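Undergrad: What follows is a structure written as structure tokens; I'll ask about it next.
Values quoted throughout were computed directly from the atomic coordinates according to the rules given, and no laboratory measurement underlies them. Because the structure is a prediction, the values reported are computed rather than measured.
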Amino acid sequence: MSQQNTNSQNPQDDTQNNPQNTDQTTVEITPEMQAFYQRADAIIELANSQLSPESHSGQVGASLLYAAARYSASVASIGFVKGDDLRKEKEEIIEFYAKQYRQMLSDNLEDYAQNFDKYVQLDK
């Protein structure tokens, strides 16, 4: 994996990048979707800023996954009154987040495969 192939691909920037697009249809980018992608892009930009000779993309990616897991655990705990209640829902929470991640990863891998030469510039 190239050290800096973690570019953000905001679907608003290029409608071909949107995995929800088909050959004949386009998806309207709502303000909520735009805000979603802007937040994601800001996080990717922060992750990219962590790349250095001392921390390669695999290390930064591992930190990003850990941060996402920590943040998700915090978000999932909202609304619970007792830790035991949260613990009882642990497997369902994990299943929810794993399903979301799997779909997002699948969509982004498909996008990277379709736009490989554009995103992964091996000659640089």
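Undergrad: Report the convex hull volume per residue for the stretch 29-78, counting only C-alpha atoms, in Å³.
TA: 81
Undergrad: In whole angstrom, note down how far apart the Cα centers of the stretch 107-124 and the stretch 43-85 are.
TA: Centre-to-centre distance over Cα atoms comes out at 24 Å.
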